[in-house]
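The values are calculated or read from the model by the stated rules, or taken from the named source; none is laboratory data. Keep in mind that what you see is a predicted model, and the values were worked out from it rather than measured. Note that we place each Cβ from the backbone using ideal geometry, even for glycine, and neighbour counts take in every protein chain shown.
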């Protein structure tokens, strides 16, 4: 949809929640549209490798597309796929309670 309106736009997509296994994904009536929409991005990233693996499996089985390492060709475009595990800065949030301003704000 974005690609149709803005053909030169660089589009990235990150999915933090799980991408379903092919066994679940294949029962969705909109499965082709979902995959085509995601593959409209230049870069598709997932929170963990398993989610990326599920996406690749669904793309292969539903759209009959093959991946070359971390890329899939869709018409005249290439979409890169990767897993980017992200976490929070535990020390920042754990230690913030020791800050006098935070302590004062909590107890006022």
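Among the residues of the range 30-64, write down those that are assigned to a loop (DSSP other than H, G, I, E, B) and either under 17 Å from residue 17 (Cα atoms) or touching a residue at least 24 places away in the same chain (Cβ under 8 Å) (or both). 39, 40, 41, 42, 47, 48, listed by residue number.
Quick check on the range 14-25. Is at least one of its residues farther than 23 Å from residue 85 by Cβ, in a loop (DSSP other than H, G, I, E, B) and free of Cβ contacts under 8 Å to residues at least 60 places away in the same chain? There is no residue in the range 14-25 that is farther than 23 Å from residue 85 by Cβ, in a loop (DSSP other than H, G, I, E, B) and free of Cβ contacts under 8 Å to residues at least 60 places away in the same chain.
The set of residues in the range 68-77 being assigned to a loop (DSSP other than H, G, I, E, B) and either touching a strand residue (DSSP E or B) at 6+ places or on another chain (Cβ under 8 Å) or under 20 Å from residue 19 (Cβ atoms) (or both) consists of 69, 70. Taken over the range 1-13, the criterion of being in a loop (DSSP other than H, G, I, E, B) and either more than 17 Å from residue 71 (Cβ to Cβ) or within 11 Å of the chain's Cα centre (by Cα) (or both) is satisfied by 1, 6, 7, 8, 9. Number of residues in the range 69-108 that are modelled with pLDDT of 85 or more, farther than 24 Å from residue 57 by Cβ and surrounded by 10 or more Cβ atoms within 10 Å (Cβ to Cβ) equals 0.
Scanning the range 78-108 for residues that are touching a residue at least 12 places away in the same chain (Cβ under 8 Å) and out of contact with any strand residue (DSSP E or B) (no Cβ under 8 Å at 6 or more places or on another chain) yields 85, 86. Among the residues of the range 31-44, is there at least one that is at pLDDT below 95, exposed (fewer than 15 other Cβ atoms within 10 Å of the Cβ) and more than 20 Å from residue 4 (Cβ to Cβ)? Looking for residues that are at pLDDT below 95, exposed (fewer than 15 other Cβ atoms within 10 Å of the Cβ) and more than 20 Å from residue 4 (Cβ to Cβ), one finds none in the range 31-44, hence no.
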